[in-house]
Amino acid sequence: MTGFASFREFYPFYLSEHANRTSRRLHFVGSCGVLALLGRALWSGNAWWLLAALFCGYGFAWVGHFFFEKNRPATFKHPFYSFAGDWVMFKDILTGKIRF
C-alpha cells in the first residue's frame, strides 16, 4: 500500500481490497450491527454497547479479510480512510452501486 493524497485516490484501492463478495457481505452485516448497537447504546444510555459495536464492525470485517480476501485490512495502515471507506461502501451497497 502506498500513500494517498485524498480519499478519492484511496477509495478505488479500498474497493480492490474488497473484491470478494462474501467479504463485502460480511462488511455490510457488520456495519448493520454497528448501527443497531449504536442505537442500543443511545436508547439504554449504556456505553458498553459502544464497545460491542466496535467488536461487531471490526470482527465481521476482519473475518472477511483474513478468511475470504486473504489480505490485511487497510485499517492497519490507513485507519481514517478505511473507516470512511467502510461507510461509503455500505452506502454504495444500499444504493445498488456495488453488488451485494
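Going through the DSSP H helices of the chain, which span 15 Å or more along their own axis at the Cα atoms while scoring at least 1.0 as a mean Kyte-Doolittle hydropathy?
Values: long enough: 21-44 (34 Å, 0.41); 48-63 (22 Å, 1.52); 79-94 (23 Å, 0.54).
Going by DSSP H runs, the hits are 48-63.
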Problem - Ellipticity estimate at 222 nm from DSSP helix runs (n ≥ 4, -39,500 (n - 2.57)) divided over the chain, nearest 500 - result: -22000 deg cm²/dmol
Problem - Euclidean distance of C-alpha centroids, the stretch 1-35 and the stretch 84-100, integer Å - result: 9
Problem - the stretch 1-89: relative contact order as a whole-number percent, Cα under 8 Å and 6+ apart - result: 37
Exercise for the section: Once you have the Kirkwood Rh of the chain from its Cα pairs, apply Stokes-Einstein at 4 °C and 1.567 mPa s and quote D in µm²/s. Expected result: 93
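Since every read-out is calculated from the coordinates, none of them should be taken as a lab result. Every value quoted in this text rests on a predicted model; they were computed, and no experiment measured them.
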